[in-house]
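A short worksheet on the structure shown next.
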Amino acid sequence: MRNESHSVETILKRLNDICRDSEHTYRTAVESTSNPSLVTWFKSIAQQRGDFADDLSAALEQFGTDTDSTGTVAAPLNREKMKLAQSGGSDDAIVAEIIQTEAATLSAYENALNGDLPPQVQQLVKQQHYEIKEAYDHISNTDMIMR
């Protein structure tokens, strides 16, 4: 039972870290563009990812695991964030970096869903995955956002 719990904790911590990283990436994107549509959308998704991380932290606490309230930066998403900050502020470059970050986030969630998660955790991860997929599909259609 401890190994199963440990595995669930590991998955939740990883997703929590990814959501915190994503939140910071979107906040960096807000500062990197002057396009009002992008600013509004990036702020919305940054808030969503912060909420996701809070929900994952609450799930971790149910397992008796303390979470770092500031989150930690997972290396792959940190690199994406740094590239975003250094992209020179081009909206196309920012959107390209966001798409890559979203693809990495989706992959992590899909891997988590392939794990053996308790029903409540499975439902939480599945719902967040659905909303992340919606965001990915939305940002991939840049014409819709750039109007």
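The values are calculated or read from the model by the stated rules, or taken from the named source; none is laboratory data. Everything numeric here is computed off the predicted structure, so don't read it as measured data. Because the Cβ atoms are built from the backbone with ideal geometry, glycine has one as well, and the counts that use them run over all protein chains shown.
Within segment 108-124, residues that are in contact (Cβ under 8 Å) with a residue 12 or more places away in the chain sit with their Cβ atoms under 8 Å from residues that are of a type in the set (S, T, Y) and in a helix (DSSP H, G or I), at 6+ positions apart or across chains, in these pairs: G115/S7; D116/S7. Residues in segment 100-132 that are at pLDDT below 90 and in a helix (DSSP H, G or I): 2 in all. Given the structure, is S37 under 29 Å from S90 (Cα atoms), of a type in the set (S, T, Y) and at pLDDT 90 or above? Yes, satisfied. Does at least one position in segment 72-79 carry a residue that is at pLDDT 85 or above, assigned to a helix (DSSP H, G or I) and closer than 21 Å to Y136 by Cβ? No, because not a single residue in segment 72-79 is at pLDDT 85 or above, assigned to a helix (DSSP H, G or I) and closer than 21 Å to Y136 by Cβ.
Does segment 4-33 hold any residues that are farther than 20 Å from L124 by Cβ and in a helix (DSSP H, G or I), and which are they? Of everything in segment 4-33, those that are farther than 20 Å from L124 by Cβ and in a helix (DSSP H, G or I) turn out to be H24, T25, Y26, R27, T28, A29, V30, E31, S32.
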